[in-house]
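One structure is given here, and the rest of the page talks about it.
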Amino acid sequence: MGSVGTGFLLQSCVDTTPEELQEKIWQYQYGRTPQEAAFDEKLFAEQFFSPTEMETITRMADLILPPHDKGSIAQADVPEFIEFIVKDIPEFQLPIRGGLMWLDSECSERFNKLFVACSEAEQKAIFDEIAFPVPGKKKQSQEINFFSLMRDLVVTGYFTSEVGLKDLGYMGNSPNVWDGIPQDVLDDHGMAYEEAWLAKCIDQSKRNEIAVWDDDGNLLT
């Protein structure tokens, strides 16, 4: 299938400008069949959480993973990620919506206001009680399970985003640059590259430049 797909791509490039090709490449979403892509579009078109619930989710996420110099949950679209996940995995809907309702109810009882209206100290006071499982207890409370689920979703949403991957310094899925055997190793073994061949090798400092040809097919760069 890969060879067939490559052939199709090359054939489609015959009458395509470099700018058009670049746009097509970035638009392509790897690993999604047409049926899966259509299902995703259907979920994107729906809205599960209310604006108030989304505001609470955003505030929770900011407390779980505070903004820092390398990114924030807003930049990584973490609330939108959670909105999508609960539509893709419906069994998450009741625990999260129920947890959000409990959070507002608990804040109303303790501080006479909703969660988002509470101070950071008040919000953290509640989180401190549900942030970690009770040692030795097999079945945790619904509040603890709710916070654990939210924490997992926030961290997953952030560190699988473009912002989060850059924050991690993740370099996967990118080609390595090999510029030959180091000179000290060659010297240790009394070896050297032939100058005639070095002139034919790729200059790695120009590896990101796009080749340009003239109308006669001569390589310019």
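The values are calculated or read from the model by the stated rules, or taken from the named source; none is laboratory data. This is a predicted model, so every value here is computed, not measured. Glycine also receives a Cβ, built like all others from the backbone with ideal geometry; neighbour counts cover every protein chain displayed. For accessibility, only protein heavy atoms count, side chains too; no ligands or nucleic acids. Shrake-Rupley method; radii C 1.70, N 1.55, O 1.52, S 1.80 Å.
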**Asked** Once label points are set 7 Å from the Cα along Cα→Cβ at both residue 178 and residue 43, what is their separation, rounded to one decimal in nm?
**Response** 3.9 nm
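Probe of 1.4 angstrom, ligands and nucleic acids ignored: what's the accessible area per residue over region 137-211, in square angstrom? Intermediate values should be presented prior to the final figure.
Working: 6140 Å² over 75 residues.
Heavy-atom accessible area per residue stands at 82 Å².
Probe radius 1.4 Å, ligands and nucleic acids left out: which of 189, 68 has the largest accessible area, and how do the rest follow?
Working: 189 135, 68 75 Å².
Order by accessible area, largest first: 189, 68.
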**Computed E for residue 198/residue 170 - FRET, C-beta separation, R0 41 angstrom, nearest 0.05** = 0.80
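Normalised by the number of residues in region 83-221, what is the relative contact order in percent for Cα pairs under 8 Å and 6+ residues apart? Don't skip to the answer; put the middle values down first.
Values: 57 pairs, mean separation 16.8, N = 139.
Relative contact order of region 83-221: 12 percent.
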**Prompt:** Say R0 is 35 Å: what FRET efficiency, to the nearest 0.05, do residue 160 and residue 110 get from their beta-carbon distance?
**Reply:** 0.50
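So between residue 128 and residue 55, what do we pick up on full extension, going 0.36 nm a residue minus the alpha carbon distance? Display every interim value, and only then the final one.
On the way: separation 73, 0.36 × 73 = 26.28 nm, distance 2.04 nm.
The residue 128-residue 55 span can extend by a further 24.2 nm.
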